[in-house]
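*Asks:* Below are the structure tokens for one structure; questions will follow.
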Amino acid sequence: MSNFLIETKQLTKIYGDQTTVNAVSIHVGKGRIYGLLGRNGAGKTTIMKMILGLTPITSGEVKVFGQNMKGGEKRIYPRIGAIIETPGFYPNLTGTENLEIFAKLRGTAAPNAVKNSLEVVGLPYKDKKLFSKYSLGMKQRLGIANAILHDPELLILDEPTNGLDPIGIAEMRKFIKKLSVEYGKTILISSHILSEIALLADDIGIIDQGILLEESSMEELRQKNGRYIQVQVSDLPKATLILERQFGVKEYSVQDDHTLRLYNTTLDMAAINKALVMQDVAVISSAFCNDTLEDYFKKITGGEGIA
Ligand SMILES: Nc1ncnc2c1ncn2[C@@H]1O[C@H](COP(=O)(O)OP(=O)(O)OP(=O)(O)O)[C@@H](O)[C@H]1O
Ligand SMILES: [Mg+2]
């Protein structure tokens, strides 16, 4: 069996004549926090629903714990906790009372399950406050507490920070991290906010208009992308010719009439500068640059960016 707790192959969803999810293959490794990043309408919720078997798959495959979800629900569901849509909590009951009902419904065995999961998300046990009086942040926390009641190995959280203020977001991030680091949970989380995913995720899948544009570890992404050498030259066409012919440079982009970006940062810039000058191309400047992740996402999603 592979080490992926979730693996989709060419997962596709078509609604009418709209391909909402287009041949998406994602890989969620054990113990990792995997961030699914995409704008509103990109297809994040639909992917999660298909993984959970909450909406039929048009084509492709989903494996959870190495098993087909279809037909394996009975074995698989107890091992997953999910928040896809706000769970239907009773407004006139307290948080604890709500969780006790869900624990009973699910047959959660552990006697301290409600107390423990409230503790994980920092909500008081046996508090008198009714759910209807909860702030949005408290409601979201209760949603997570509900998802972890049965101590599942895998959590699927659809935009758990939606609508929260910056402090609420930071707190949510803290205990999602805790669930991963201290409790060893594997977490698939979606968001349309890049900075949130960048701070939280170990791996990232970038989805745009139903297509997975990129999947990699955050580490790899930080190293690989956003690093380039920017060169300003007097004669750009001549410079590109020299770079291509003499140095075999293929990965570059033209910024303006005088500016080039070279994406192979191991190039011998001293030799390049010399060759350019010798062939009457003045080098006005040359510098190593580090783009922000934001710039990178703007580039791959075609301009507008995600956050
Ligand atoms: N039941 C449905 N019937 C028809 N179209 C749907 C249905 N559910 C979703 N869609 C469409 O599929 C596309 C993707 O929706 P989805 O909810 O998966 O996106 P999302 O990335 O979760 O967006 P958001 O950030 O707004 O939650 C949207 O264009 C949406 O209108
Ligand atoms: Mg959604």
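We did not get these values from a lab; they are worked out from the coordinates using the rules stated. Bear in mind that the values here come from a model prediction, so they are computed numbers and not experimental data. Cβ: placed from backbone, ideal geometry, glycine included. Neighbour counts: every protein chain shown.
*Asks:* Would you please give the residues with an amide H less than 5 Å from that of residue 157, counting only those at least 5 places away or on a separate chain, with H modeled from the backbone geometry?
*Replies:* 83, 188, 189, 190
*Asks:* How much space per residue, in cubic angstrom, does the convex hull of the C-alpha atoms of segment 136-204 take up?
*Replies:* Normalising the Cα hull of segment 136-204 by residue number yields 79 Å³.
*Asks:* Residues with beta-carbon under 9 Å from that of residue 291, excluding residue 291: net charge, scoring Lys, Arg +1 and Asp, Glu -1?
*Replies:* Here the count lands on 0.
*Asks:* Convert each backbone phi in segment 6-23 into a coupling constant with the Karplus relation 6.51 cos²θ - 1.76 cosθ + 1.60 (shift: θ = phi - 60°), then list the ³J(HN,Hα) values in order as whole Hz, x for Gly and Pro.
*Replies:* Rounded to whole hertz, the list is 10, 9, 10, 10, 6, 5, 9, 10, 10, 9, x, 9, 9, 7, 7, 10, 10, 6.
*Asks:* Work through the residues other than residue 241 whose Cβ is under 15 Å from its Cβ and net out their charges, Lys, Arg +1 and Asp, Glu -1.
*Replies:* Numbers: positive: 238, 245, 250; negative: 235, 244, 280.
Local net charge: 0.
*Asks:* So which GluC sites (Glu not before Pro) in segment 208-307 pass both tests, a DSSP loop state and at most 12 other Cβ atoms within 10 Å of the Cβ? Kindly include the intermediate steps, with their values, before the conclusion.
*Replies:* On the way: sites: 214, 215, 219, 220, 244, 251, 294, 304; in loops: 251, 304.
Hits after loop and neighbour filter: 251, 304.
*Asks:* What are the residues whose amide H is under 5 Å from the amide H of residue 127, where those residues sit 5 or more places off or on another chain and H is modelled from the backbone?
*Replies:* 96
*Asks:* Right, something else. Can you give the translational diffusion coefficient of segment 227-291 in µm²/s, computed by Stokes-Einstein from the Kirkwood radius over Cα pairs at 37 °C and 0.692 mPa s?
*Replies:* Rounded, D is 287 µm²/s.
*Asks:* Normalise the Debye intensity by I(0) for the chain, one equal point scatterer per Cα, no solvent, then take log10 at q = 0.11 Å⁻¹ and round to two decimals.
*Replies:* Debye curve over Cα of the chain, log10 I(q)/I(0) at q = 0.11 Å⁻¹: -0.75.
*Asks:* Once the Cα atoms of segment 173-307 are picked out, what are the Rg and Dmax in Å?
*Replies:* 19.2, 62
*Asks:* With θ set to phi - 60°, apply the Karplus curve 6.51 cos²θ - 1.76 cosθ + 1.60 along segment 148-157 and write out the HN-Hα couplings as whole Hz, x wherever there is a Gly or Pro.
*Replies:* 9, 3, 8, 6, x, 7, 10, 10, 10, 10
*Asks:* If the cut-off is 16 Å between C-alpha atoms, which aspartates and glutamates fall inside it for residue 274, apart from same-chain ones fewer than 8 positions away?
*Replies:* 235, 244
*Asks:* Excluding residue 196 itself, what net charge comes from residues whose Cβ is under 10 Å from its Cβ, given Lys and Arg +1 and Asp and Glu -1? Spell out each step's value before the answer.
*Replies:* On the way: positive: 173; negative: 159.
Net local charge, residue 196 excluded: 0.
*Asks:* Now for a separate question. If the elastic network links every pair of Cα atoms under 10 Å, which of 246, 230, 209 fluctuates the most in the Gaussian network model of the chain?
*Replies:* Answer for the Gaussian network model of the chain: 246.
*Asks:* Across segment 255-262, in residue order, what do the Karplus-derived ³J(HN,Hα) couplings come to in whole Hz, using 6.51 cos²θ - 1.76 cosθ + 1.60 with θ = phi - 60° and x for Gly and Pro?
*Replies:* Along segment 255-262, the couplings run 8, 8, 4, 10, 10, 10, 10, 9 Hz.
*Asks:* Okay, moving on. Roughly what % of Cα-Cα distances in segment 81-212 sit above 22 Å, to the whole percent?
*Replies:* 35 percent
*Asks:* Also: Are there chymotrypsin sites (Phe, Trp or Tyr not before Pro) in segment 132-225 that DSSP marks as loop and that have at most 14 other Cβ atoms within 10 Å, and which are they? Show your work: numbers first, answer last.
*Replies:* Details: sites: 134, 175, 183; in loops: 134, 183.
Those satisfying the criteria are 183.
*Asks:* Mind checking which lysines have their Cα closer than 18 Å to the Cα of residue 74? Skip sequence neighbours fewer than 8 apart in that chain.
*Replies:* Once the sequence-local lysines are set aside, what remains near residue 74 is 49, 63, 104.
*Asks:* If you keep only loop residues by DSSP, which GluC sites (Glu not before Pro) in segment 11-89 have at most 14 other Cβ atoms within 10 Å of their Cβ?
*Replies:* Values: sites: 61, 73, 85; in loops: 85.
Counting only loop positions with at most 14 other Cβ atoms within 10 Å, the GluC sites (Glu not before Pro) in segment 11-89 are 85.
*Asks:* Additional query: Could you state the angle between the C-alpha long axis of helix 269-278 and the longest principal axis of the C-alpha atoms of the chain, as a value from 0 to 90 degrees rounded to the nearest 10?
*Replies:* Between helix and principal axis, roughly 30 degrees.
*Asks:* Using all C-alpha to C-alpha distances in segment 32-158, build P(r) with 5 Å bins and read off the rounded percent in each one.
*Replies:* Histogramming segment 32-158 at 5 Å steps yields 2, 10, 19, 21, 18, 14, 10, 5, 1, 0 percent.
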